[in-house]
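Encoded as structure tokens, the structure appears first; notes follow it.
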């Protein structure tokens with residue numbers, strides 16, 4: 001069973017705080033990991049990707065990966081109201097014979113001004 | 001440039017209509033995808049084209065017919081749809097198929113079937 005699980009939320013944080021979003025995956029064959037931001041009625045936008053254990057930072061975003069625990073997270077520092085969206089975690093299993101990208105159901109984030 | 005262009009942005013069609021969704025990318029990506037997304041659900045894979053050949057069909061009903069005229073274009077032909085087919089249809093592309101490929105989505109077509 002290939003599963004990607006996220007807490008659906010909603011997660012509410014005050015403006016300026018750190019938002020922490022978590023994701024676990026079931027398939028140890030997962031090779032690469034992604035975070036997408038999706039505003040209501042819009043398409044998913046790739047905001048972070050990570051391939052190796054540890055942290056990867058890009059501006060206010062930090063992705064963290066722990067393959068032993070099958071866990072990936074996204075931290076958003078100095079949260080802004082414009083960060084209010086649904087965040088989708090995705091993994092790439094690298095399976096060329098079938099579906100290779102698996103998505104979680106998303107975490108809804110609201111940043112309160 | 002990571003742009004995938006989809007047209008139309010919105011589409012309303014009756015159950016007897018025939019319509020097509022179009023997708024275009026000029027990033028030189030060799031894998032293109034159609035996804036369907038219902039409200040508050042994750043994207044659900046429908047089809048994958050790799051090097052212009054259909055490589056994956058996720059048991060999609062025949063009222064959905066994909067077409068890849070060339071390496072930059074992807075179409076989804078719709079015929080005799082049902083109201084439950086109303087959803088956001090997303091085109092996506094990746095450089096190739098592989099373990100470290102990233103998926104880039106178009107802006108989507110919001111489809112309503114009456």
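Side notes on the structure shown:
- Order of B:68, B:23 under a 10 Å beta carbon neighbour criterion, fewest first: B:68, B:23
- The Kirkwood hydrodynamic radius of the protein assembly as shown, based on inverse pair distances between different Cα atoms, is 18.1 Å.
- Relative contact order, whole percent, for the range A:1-52 stands at 31, derived from Cα pairs under 8 Å and 6 or more residues apart.
- Inter-label distance, residue A:58 to residue B:26: 2.3 nm, where each label sits 7 Å from its Cα along the C-beta direction.
- The mean count of C-beta atoms from other chains within 10 Å of the C-beta of residues in B:48-54, rounded to a whole number, is 1.
- For the range B:15-48, no residue has its backbone nitrogen under 12 Å from a point 7 Å from the Cα of residue A:45, taken along Cα to Cβ.
- Sorted ascending by nearby beta carbons within 10 Å, beginning with the fewest, A:37, A:60, A:28 become A:28, A:60, A:37.
- Mean Cβ neighbour count within 10 Å, used as a protection proxy, ranking A:71-79, A:48-56 highest first: A:71-79, A:48-56
- Relative contact order, whole percent, for chain A stands at 37, derived from Cα pairs under 8 Å and 6 or more residues apart.
- Looking at chain B, the DSSP beta bridges with both ends there are about 90 percent antiparallel.
- Chain B - percent relative contact order, Cα under 8 Å, separation 6 or more: 37 percent
- Peptide-level mean, for A:35-47, of C-beta atoms on other protein chains within 10 Å: 4
- When both the range A:49-66 and the range B:47-91 are represented by their alpha-carbon centers, they are found 33 Å apart.
- Shape of chain A, Cα gyration tensor, a/c cut at 1.5: prolate
- Summary of packing: across the peptides A:12-22, B:92-102, the per-residue average of other C-beta atoms within 10 Å ranks them, highest first, as B:92-102, A:12-22.
- Between the beta carbons of residue B:95 and residue B:55, assuming R0 = 22 Å, the FRET efficiency works out to 0.90 to the nearest 0.05.
- Inter-chain Cβ neighbour count for B:98-108, averaged per residue, equals 6 (cutoff 10 Å, partner chain atoms only).
- Here B:7, B:16, B:109 are placed in order of increasing Cβ neighbour count within 10 Å, fewest first, which gives B:16, B:7, B:109.
Only the coordinates and a few stated rules stand behind these numbers; no lab work does. The shown structure was predicted, so the numbers you read here are calculated from the model rather than taken from an experiment. Cβ atoms come from the backbone with ideal geometry, glycine included; neighbour counts cover every protein chain shown.
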